[in-house]
């Protein structure tokens, strides 16, 4: 191949050095070895599941900070450190919590853990009794002419709902097959709070939630510290499917029948004819946890005040009782030691670039993602570089090591003006962009990029698609389904020596190409006109 001056200039302008295939392969091998070592350490028993506010946290964040420093990032946390303090509280429901349905002289009790779980968002012990009302999916969406609360006052009542949303094949009605934020469990609690409900119980099914009941049966949770007298639920809880059948039977319903009702236009809320008596002993512990933040400064004297951004959360679930097996350490190898290992390699690659990109790059490892994106939310409120000057956020979370991808999923990118660039860089890296065939599970709303998107930043995760080199059709989809069913949020999410990391360098190069082009572009990207995040972006520009 003739190496022309033009080719050299193009390579340099893209921050790349001309390499032979052997050199490229050697670099990929080094990346894989480094990623494997980092992932293995972060997912080791020594880090005790990287629980927030634990010894495992200290080991994890110190490791990440040392690596940031080693590759030349500058600290961007508090007081000249790599650490940004995030004040939280750990709220734990006591083992003597009780829930019973009362109708006249009849009383039906529910077993803590097996049949109901959750925590008090008031962050204090709670004892109360209130009428239970079934409110379908608990959605008020005027743009879709849908209101599950229509005609029903739920102030000081207990709301019972399903997660997810009405099924649709129409992209203009609840996003078609893809889940919108209306379907997320967090929205259910938020909407009920706005309406003055005392408590909420979400009836769990594997189909509507997208994961087993074991994922939600925990009795402790980390929360942002409550602000003043802001409204909050006395209990934000879940019911198992069996418990849902028991409760709904008071109104002559079953879970199956109630779900079908909920999916129909014109649904009307149903008083269940019972009162729920709730006793929630609660302990509250203030904790200080930390985001880890480093910056690679840009080369342009003016544009270095703006930045591209990479994220991957460091936390997992720590140590606790497990419904699966005997091991009690939630190692979180894929979720999200995988993303952290990629983030560290991205930092190394970025700082090695010559020439340096014009804009800066922020590398953020947020805390408490597993508790509702809390670290990313805190960062969005206290950013190292203003969000109006943050070009784009590329996030990595739970990246399966299945081999070399031939396609990639970047859900949300198509909603931004960066979409043509993303497609161009996918083509450059011999990747097809494909829609997320599991979008009905709402993965877009379940990782840190969503906290940045809600604050206006064009943000999305990079995830390998279903096409894997040398693998049969359906291979990646089957692996994803098996992971959710057997390993997701269980102690079984552990490092394995037989994992194939050969696809990670491909994803890293794809991300670097997108970020580098964004860092050198004339203008910052934004959300497309009419997108729900566009107004926030417009307001934040220049700030």
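Can residue 123 be described as surrounded by fewer than 21 Cβ atoms within 10 Å (Cβ to Cβ), in contact with a strand residue (DSSP E or B) (Cβ under 6 Å, 6 or more places away or on another chain) and not in a loop (DSSP other than H, G, I, E, B)?
Working: surrounded by fewer than 21 Cβ atoms within 10 Å (Cβ to Cβ): yes; in contact with a strand residue (DSSP E or B) (Cβ under 6 Å, 6 or more places away or on another chain): yes; not in a loop (DSSP other than H, G, I, E, B): no.
Criteria not met by residue 123.
For the range 446-460, enumerate the residues that are assigned to a loop (DSSP other than H, G, I, E, B) and in contact with a strand residue (DSSP E or B) (Cβ under 7 Å, 6 or more places away or on another chain).
447, 448, 457, 458 - these are the residues of the range 446-460 that are assigned to a loop (DSSP other than H, G, I, E, B) and in contact with a strand residue (DSSP E or B) (Cβ under 7 Å, 6 or more places away or on another chain).
Can you report the number of residues in the range 142-185 which are assigned to a helix (DSSP H, G or I) and surrounded by fewer than 16 Cβ atoms within 10 Å (Cβ to Cβ)? Break it down into steps so the answer makes sense when it comes.
Initial filter on the range 142-185 (assigned to a helix (DSSP H, G or I)): 142-144, 181-183, 185.
Right, trim to surrounded by fewer than 16 Cβ atoms within 10 Å (Cβ to Cβ) and you get 142-143.
Summing the residues that are assigned to a helix (DSSP H, G or I) and surrounded by fewer than 16 Cβ atoms within 10 Å (Cβ to Cβ) in the range 142-185 gives 2.
Taking residue 385, is it surrounded by fewer than 24 Cβ atoms within 10 Å (Cβ to Cβ), modelled with pLDDT of 95 or more, part of a helix (DSSP H, G or I) and touching a strand residue (DSSP E or B) at 6+ places or on another chain (Cβ under 9 Å)? Show your work before the answer.
Numbers: surrounded by fewer than 24 Cβ atoms within 10 Å (Cβ to Cβ): yes; modelled with pLDDT of 95 or more: yes; part of a helix (DSSP H, G or I): no; touching a strand residue (DSSP E or B) at 6+ places or on another chain (Cβ under 9 Å): yes.
The answer is no for residue 385.
Name, by its number, the condition in (1) at negative phi; (2) not assigned by TED's automatic domain parsing to the domain that holds residue 148 that does not hold for residue 72.
Of the numbered conditions (1) at negative phi; (2) not assigned by TED's automatic domain parsing to the domain that holds residue 148, the odd one out for residue 72 is (1).
Residues that are assigned to a helix (DSSP H, G or I) and outside the structural domain of residue 213 (by TED's automatic domain parsing): does the range 306-329 have at least one? It would help to see each step written out before you state the result.
Of the range 306-329, the ones assigned to a helix (DSSP H, G or I) are none.
No.
Can you find, within the range 200-221, the residue that is farthest from residue 372 (Cα to Cα) among those that are in a loop (DSSP other than H, G, I, E, B) and in contact with a strand residue (DSSP E or B) (Cβ under 9 Å, 6 or more places away or on another chain)?
Within the range 200-221, the match that is farthest from residue 372 (Cα to Cα) is 205.
Out of all the residues in the range 475-496, is one or more free of Cβ contacts under 8 Å to residues at least 12 places away in the same chain, within 17 Å of residue 406 (Cα to Cα) and either surrounded by 16 or more Cβ atoms within 10 Å (Cβ to Cβ) or in the same structural domain as residue 312 (by TED's automatic domain parsing) (or both)?
yes
Could you list all residues from the range 344-378 that are in contact with a strand residue (DSSP E or B) (Cβ under 6 Å, 6 or more places away or on another chain) and not in a strand (DSSP E or B)?
Here is the first cut: in the range 344-378, the ones in contact with a strand residue (DSSP E or B) (Cβ under 6 Å, 6 or more places away or on another chain) are 346-347, 350-351, 359-368, 371, 374-375, 378.
Within the range 344-378, 346, 347, 350, 351, 359, 366, 367, 368, 371, 374, 375, 378 meet the criteria.
Say we look at the range 81-117 and pick out the residues that are within 28 Å of the chain's Cα centre (by Cα) and not in a strand (DSSP E or B); which of these is surrounded by the most Cβ atoms within 10 Å (Cβ to Cβ)? Walk me through it before giving the result.
Here is the first cut: in the range 81-117, the ones within 28 Å of the chain's Cα centre (by Cα) are 81-94, 112-117.
If we keep only those that are not in a strand (DSSP E or B) as well, we get 81-82, 94, 113-115.
Working: 81: 14, 82: 26, 94: 13, 113: 16, 114: 13, 115: 20.
For the range 81-117, the residue satisfying everything is 82.
Would you check if there is a residue in the range 296-304 being surrounded by fewer than 24 Cβ atoms within 10 Å (Cβ to Cβ) and part of a strand (DSSP E or B)?
Just the residues of the range 296-304 that are surrounded by fewer than 24 Cβ atoms within 10 Å (Cβ to Cβ), to begin with: 297-304.
Imposing the further condition that a residue be part of a strand (DSSP E or B) reduces the set to none.
Scanning the range 296-304 turns up no residue that is surrounded by fewer than 24 Cβ atoms within 10 Å (Cβ to Cβ) and part of a strand (DSSP E or B).
Going through the range 157-215 one residue at a time, which ones are in contact with a helix residue (DSSP H, G or I) (Cβ under 7 Å, 6 or more places away or on another chain) and at positive phi?
Once the filter is applied, which keeps residues that are in contact with a helix residue (DSSP H, G or I) (Cβ under 7 Å, 6 or more places away or on another chain) and at positive phi, the range 157-215 yields 164, 174, 210.
What do you reckon, is residue 270 surrounded by 14 or more Cβ atoms within 10 Å (Cβ to Cβ), at pLDDT 95 or above and over 21 Å from residue 457 (Cα atoms)? Before you say what the answer is, go through the steps one by one.
Details: surrounded by 14 or more Cβ atoms within 10 Å (Cβ to Cβ): yes; at pLDDT 95 or above: yes; over 21 Å from residue 457 (Cα atoms): yes.
When the stated conditions are applied, residue 270 passes them.
The values are calculated or read from the model by the stated rules, or taken from the named source; none is laboratory data. For clarity, every value in this text was computed on a predicted model and none was experimentally measured. Cβ: placed from backbone, ideal geometry, glycine included. Neighbour counts: every protein chain shown.
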